[in-house]
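Read through the structure below, which is laid out as structure tokens, and then see the notes.
The values are calculated or read from the model by the stated rules, or taken from the named source; none is laboratory data. Everything numeric in this text was worked out from a predicted model, so none of it was measured. Here the Cβ is made from the backbone with ideal geometry for all residues, glycine too, and neighbour counts use every protein chain on show. Heads up: the accessible areas ignore ligands, DNA and RNA and are worked out on the full protein's heavy atoms, side chains in. Shrake-Rupley method; radii C 1.70, N 1.55, O 1.52, S 1.80 Å.
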Amino acid sequence: MYSGSSDGESHEAATQRKIPPVSSMLWVRNLRRYIGSGAGLGSEALMGPLKQRGSCLIYLKKSNRKAPKLKPEEGSISHRVQKLAKYRFLKKQSDLLLNADDLDSMWVCLRENCVIDDATGAEKMNYEDFCHIASVCTEQIGPKCRRFFSPSNFMKFEKDESGRIAILPFYLYVMRTVSLTQARIDMSELDEDSDGFLQPHEMEAYIRGLIPNLAQLRDMPAAFVQMYCRIAAHKFSFFCDPHRRGKACIKKVLLSNCLQELMELHQESEEEVTDTEQAENWFSLTSAQRICGVYFGHIHIPILLLDMFLALDKDMNGTLSKQELKEYADGTLTEIFIERVFDEHVRRCKIGAGSNREMDFDSFLDFVLALENKDTPEGLTYLFRCLDLNGRGFLTTADIHSLFSNRAYLEKNGSEEGEHHRDEMLPDTTFLHKILDVHQKWIEGGNYELCIEDVRDEIWDMVKPTDPLRITLADLLACKQGGTVASMLIDVRGFWAHDNRENLLQEEEEPEEES
């Protein structure tokens, strides 16, 4: 039973007991000494960071973003633990892969237990054979091959009337899966940040590690290896890093055609490949030396094509000016296109005074890749920025006239009478007077007079834009003829090829009929 004092007695005891002032408490003095004296015990100093952190967390929560992950310091315990865990994980994944002997054993097992199709002579297997081969391969190779013999994998392949699949496509599927997985592991080992992206020097290191295993690159001169890796890695950056963030996504690299093109050098022997096929493959030694022959001809390496460096880099300073780049492709590119390339894709020159732009080697590689891959989204995006004279995101009939029309038309639009049209097209009148465009180069080549309106209408018919008054990049990509349209507007040879397409097609068909 409660027997405490009354309310009056407790109040009197409280008033008699003296409470020490806050400033006399030891923890308060220490806190003041740590934070700094001031009103509110330094609460403003504390609340500032807390408010900032709170607002940051609220912003991340509203924007559905995760707070940035702090990377461990180099050499710290957490950093070493992270590297060790990554190494063990990748090693475990690598041990689960089939090696070359395992793949050979699987191929032998497939051929020994398949059925020959009487009609086609192809080696095939039904689902019962598939399951039987799975059991045999598991006994000979081990459980790591079991995942390839799942029912879902069997259903991926085309079947004949009897429900059988060919063994060769299945075996190629296994080889490709193993190859891509091994490439994923190798790239992850080089990914220093472990963020799923490869920086240019990491991509170069990956390519350098592949060279001894690629049949067509084993005899590469040692002095050329570094330059080759730079050229090869740049194509991955061009196609797998379209936003130019300085790193390429590993998943995108694995799914790109670039990696498949690089692996072709491993599958084929050099004797079986013609010089033309080697030149068409960007990663072949012939192609890489061709690029260096065009740009870095002063490097003493064996080049297979004519050394074009002296015709381009006349001052031998390692960069290309506008005047030097005009000699590219025998001078068939229009001057307005060269000007636009420097405006959109070439950085300001860091060497020397003034605002002149000089194209460095990396920018030159982008230039060549765009011209050689005009039908790809990446190449067409590069070229569209040059074609879009006013940076509006679309092309109008005035832009087509500016890119294609003759010099008289441009001079007219540069005069007072054409002031309105000039403002719509190009801001610099001195630039208008010096343009040698497609039409002018076409006439100089001894060809017939062109009607600009007919060319414009033909381009519109080819593209069929969503908006009949303008052509966007999406329209060029959707029409599947964007590369042809770009060639017509920037290169007189491209327009000639389009104008003579029927004759060229007939010439290609005649040798086939004779053979």
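Among the GluC sites (Glu not before Pro) found in the range 126-223, those both in a DSSP coil and sparsely packed, with 13 or fewer other Cβ atoms within 10 Å of their Cβ, are Glu158, Glu161, Glu192.
The modelled label-to-label distance for the pair Ala478/Asp375, using points 7 Å beyond Cα in the direction of Cβ, is 2.1 nm.
Taking each residue as 0.36 nm, the span from Glu261 to Asp362 lengthens on full extension beyond its C-alpha to C-alpha distance by 34.3 nm.
What the Cβ-Cβ distance of Ala329 and Lys86 gives, at R0 = 51 Å and to the nearest 0.05, is a FRET efficiency of 0.65.
Here the label points at Asp117 and Asn99, each 7 Å from Cα along the C-beta direction, are separated by 3.5 nm in the simple model.
The label point for Leu254 and the one for Glu139, both projected 7 Å from the Cα toward the Cβ, are 3.3 nm apart. Among the listed pairs Lys252/Lys480; Lys86/Lys251; Lys326/Lys480; Lys92/Lys144; Lys235/Lys314; Lys91/Lys144, those whose Cα-Cα separation exceeds 20 Å are Lys252/Lys480; Lys326/Lys480; Lys235/Lys314. With a Förster radius of 41 Å applied to the C-beta separation of Ile77 and Leu180, the computed FRET efficiency comes to 0.75. Expressed as a whole percentage, what fraction of the accessible surface of the range 101-260 belongs to carbon and sulfur atoms when a 1.4 Å probe is rolled over the protein heavy atoms? Accessible surface attributable to carbon and sulfur in the range 101-260 totals 51 percent. Within the range 166-275, the trypsin sites (Lys or Arg not before Pro) that combine a DSSP coil assignment with at most 16 other C-beta atoms in a 10 angstrom radius are Arg218, Arg244, Arg245.
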